[in-house]
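Engineer: Right, I'll just put the structure down here and ask away after.
Where a number appears in this text, it was derived from the coordinates with a stated rule and is not lab data. In this text the structure is predicted, and so the values were computed from the model without any measurement. Here Cβ is always computed from backbone atoms with ideal geometry, including for glycine, and neighbour counts include all displayed protein chains.
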Amino acid sequence: MRYTETKLKGCFILEPTVFEDERGYFFESFNETKLTSILGYKPHFVQDNQSKSQFGVVRGLHLQGGEHAQAKLVRVVEGSVLDVAVDVRPGSPTFGQHISVELSADNKKQLFVPRGFLHGFSVLSEHAVFFYKCDNNYHKESEDGINPLDPQLAIDWQIPHERMILSQKDQKAQSFEGLRLKLI
């Protein structure tokens with residue numbers, strides 16, 4: 001497995017070793033020992049989630065706060081997405097900065113998103129099946145997030161604005177500045 005730490009400390013792009021032959025392919029999608037070696041600590045995943053979305057869907061930007069914060073290991077099983085992580089760790093030198101990476105069934109890349117990050121994705125293919133592991137259970141009262149189209153972050157979701165599909169919740173979500181004021 002190859003890995004690259006992004007400009008956001010603790011956020012890693014993981015690329016598995018893929019074995020292909022005339023029968024198809026094989027790769028390890030998760031290996032606790034290898035991930036522990038990369039992260040420097042042992043993650044304890046307690047929940048797996050999967051979603052299917054059509055082209056143009058933008059999900060996010062979401063997080064869970066406090067004791068219910070979640071780290072995530074995300075990947076795409078079918079299709080292609082633009083995956084985005086935004087550092088909102090108070091005191092972080094990269095606070096408010098984001099990275100984006102294309103995750104697809106073809107490239108088999110994964111992204112490890114540590115606790116203290118907003119997370120979201122846009123669907124670039126006709127449809128996509130998105131899968132992720134969480135190191136903390138879902139806790140509705142700890143949900144938070146921002147509008148993914150917030151101009152302060154200026155994220156290029158690689159979807160024409162008129163073709164974007166956002167939930168009512170995400171459309172009405174607070175601004176990045178609103179979240180920043182809650183965190184400081």
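Engineer: Can you sort 36, 6 so the residue with the fewest Cβ neighbours within 10 Å comes first?
Structural biologist: On the way: 36 12, 6 20.
If I rank by nearby Cβ atoms, fewest first, I get 36, 6.
Engineer: While we're here: Quickly estimate the mean residue ellipticity at 222 nm for the chain, helices only: each DSSP H run with n ≥ 4 gives -39500 (n - 2.57), and the total goes over all residues, rounded to 500.
Structural biologist: Working: 3 runs with 20 residues, N = 184.
Using -39500 (n - 2.57) per qualifying helix, the result is -2500 deg cm²/dmol.
Engineer: Give me the one-decimal Kirkwood hydrodynamic radius in Å for region 91-168, with the sum taken over alpha-carbon pairs.
Structural biologist: Details: mean 1/r = 0.0668 Å⁻¹.
Final number for the Kirkwood radius of region 91-168 is 15.0 Å.
Engineer: Sticking with this one: Sorted from largest down, what three extents in whole angstroms do the Cα atoms of the chain have along their principal axes?
Structural biologist: Projected onto its principal axes, the Cα set of the chain covers 53, 39, 28 Å.
Engineer: With each pseudo-label sitting 7 Å past Cα toward Cβ, what's the residue 19-residue 175 distance in nm, one decimal?
Structural biologist: Here the answer is 5.4 nm between the modelled labels.
Engineer: Then there's this: Please list, or write none, the aspartates and glutamates whose alpha carbon is within less than 17 Å of the alpha carbon of residue 9, excluding same-chain residues fewer than 8 places away.
Structural biologist: 83, 87
Engineer: Would you kindly derive the ³J(HN,Hα) couplings of region 126-136 from the backbone phi angles with the Karplus curve 6.51 cos²θ - 1.76 cosθ + 1.60 (θ = phi - 60°), listing them in order in whole Hz, with x for Gly and Pro?
Structural biologist: My calculation for region 126-136 gives 3, 8, 8, 10, 10, 10, 8, 9, 10, 9, 8 Hz in order.
Engineer: Placing unit charges on C-beta atoms (Lys and Arg positive, Asp and Glu negative, everything else neutral), compute the dipole magnitude of the chain about its Cα centre in debye, rounded to 20. Please list the in-between numbers first.
Structural biologist: Working: 21 positive and 24 negative charges, 93 e Å.
That gives the chain a dipole magnitude of about 440 debye.
Engineer: What is the extension gain from residue 7 to residue 152, computed as 0.36 nm multiplied by their sequence separation minus the C-alpha to C-alpha distance, in nm to one decimal? All intermediate terms of the calculation are to be shown ahead of the outcome.
Structural biologist: On the way: separation 145, 0.36 × 145 = 52.20 nm, distance 1.89 nm.
Between residue 7 and residue 152, full extension yields 50.3 nm more.
Engineer: Starting at the first residue of region 94-100, write each ³J(HN,Hα) from the Karplus equation 6.51 cos²θ - 1.76 cosθ + 1.60 with θ = phi - 60°, in whole Hz, x for Gly and Pro.
Structural biologist: 10, 3, x, 8, 9, 10, 9
Engineer: Between region 1-78 and region 89-134, what is the C-alpha centre distance in whole Å?
Structural biologist: 8 Å
Engineer: Still on this structure: Can you tell me which lysines have their Cα less than 18 Å from the Cα of residue 108? Leave out same-chain residues fewer than eight positions away.
Structural biologist: 34, 52, 72, 133
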